[in-house]
Amino acid sequence: MSEDLRYPIGKVTEQAFTGKEPYSEALKNAAILDISLLPQALENAVLNLDEAQLDTPYRPDGWTVKQLVHHVADSHMNAYTRFKLGLTEDNPTIKPYDEKAWADMIDTRNIPINVSLTLLHTLHIRWVEILKHIKEEEWQRTVVHPEHGRTISLWNFLAMYAWHSKHHTAHITRLRERNGW
């Protein structure tokens with residue numbers, strides 16, 4: 001656990017699985033489990049929060065709880081697409097997106113979070129099905145991330161999104177703990 005409000009579980013580089021490790025069934029299964037549990041974990045994290053609480057930033061100058069929930073849906077839709085591109089094309093260049101701009105769009109302000117929670121439940125069913133059936137050698141397939149200026153393996157993406165699943169959920173659960181919600 002980290003005291004840094006930006007990284008309540010630490011950075012991805014500080015995790016047990018960073019994506020730099022050699023392939024392992026145990027690491028793969030644990031990461032896929034983290035991803036599969038995200039929709040329910042996120043739903044539990046926001047359970048019974050009222051509008052004022054949903055409009056509370058998780059840290060000073062941070063996104064609101066509502067923006068976080070919509071961000072996770074946006075991010076994981078992109079992740080799902082990135083995995084499919086990586087599995088069906090040779091080293092494709094993926095499209096980056098401006099997360100901050102997306103988090104400030106009208107849908108994140110006006111649409112209830114249950115829409116993104118429902119989207120995450122259904123999206124993760126499809127995504128986890130793909131993840132469970134990726135062959136060992138396919139984890140080394142890569143995509144080009146122009147924003148980072150490097151190629152990233154699907155194995156590395158698996159670690160990043162397993163971390164991401166826990167990272168934003170912890171933003172909300174730690175906020176609740178700090179505020180006594």
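Sorting ILE134, ILE125 by accessible area (1.4 Å probe), largest first, what list results? Could you put the intermediate results ahead of the total?
Values: ILE134 10, ILE125 120 Å².
Of ILE134, ILE125, the descending order of accessible area is ILE125, ILE134.
Accessible area per residue was computed with a 1.4 Å probe on protein heavy atoms; ASP74 scores about 20 Å². Taking trypsin sites (Lys or Arg not before Pro) across the stretch 63-168, the ones in a DSSP loop with at most 12 further Cβ atoms lying within 10 angstrom of their Cβ are LYS135. When the residues MET77, MET105 are ordered by accessible surface, computed with a 1.4 Å probe over the protein chains alone, the sequence from largest down reads MET105, MET77. If you take the Cα centroid of the stretch 1-34 and the Cα centroid of the stretch 146-181, the two points sit 9 Å apart. In percent, rounded to a whole number, the relative contact order of the stretch 107-160 is 20, using alpha-carbon pairs under 8 Å and six or more apart. For the chain, lysine pairs with C-alpha atoms less than 18 angstrom apart, excluding pairs fewer than eight positions apart on the same chain, total 13.
The Cα atoms of the chain cover 47, 33, 30 Å along the three principal axes, with the biggest extent listed first.
The GluC sites (Glu not before Pro) of the stretch 130-181 that DSSP puts in a loop, and whose beta carbon has at most 16 other beta carbons within 10 Å, are GLU147. Within the assembled protein chains, the solvent-accessible surface assigned to TRP163 is about 40 Å², based on a 1.4 Å probe. Solvent-accessible surface (1.4 Å probe) assigned to LEU47 amounts to roughly 100 Å².
Relative contact order of the chain: 37 percent, from C-alpha pairs under 8 Å at least 6 residues apart in sequence.
Ordered from largest to smallest accessible area (heavy atoms of protein chains, 1.4 Å probe), the residues SER116, SER24 come out as SER24, SER116.
Run the helix sum for the chain: -39,500 (n - 2.57) per DSSP H stretch of 4+ residues, divided by residue count, reported at 222 nm to the nearest 500 deg cm²/dmol.
One gets -19000 deg cm²/dmol as the mean residue ellipticity at 222 nm.
Restricting the stretch 1-58 to GluC sites (Glu not before Pro) that sit in a DSSP loop and have at most 12 other Cβ atoms within 10 Å of their own Cβ leaves GLU3. Report the charge-dipole magnitude of the stretch 118-181 in Debye, nearest 20, computed about the Cα centre from +1 at each Lys and Arg Cβ and -1 at each Asp and Glu Cβ. Dipole about the Cα centre, nearest 20: 280 debye.
The values are calculated or read from the model by the stated rules, or taken from the named source; none is laboratory data. Predicted model only: the values in this text are computed from it and were never measured. Glycine gets a Cβ as well: all are built from the backbone with ideal geometry, and neighbour counts include every protein chain shown. Remember, those area values only see protein heavy atoms, side chains included, never the ligands or the DNA or RNA. Shrake-Rupley method; radii C 1.70, N 1.55, O 1.52, S 1.80 Å.
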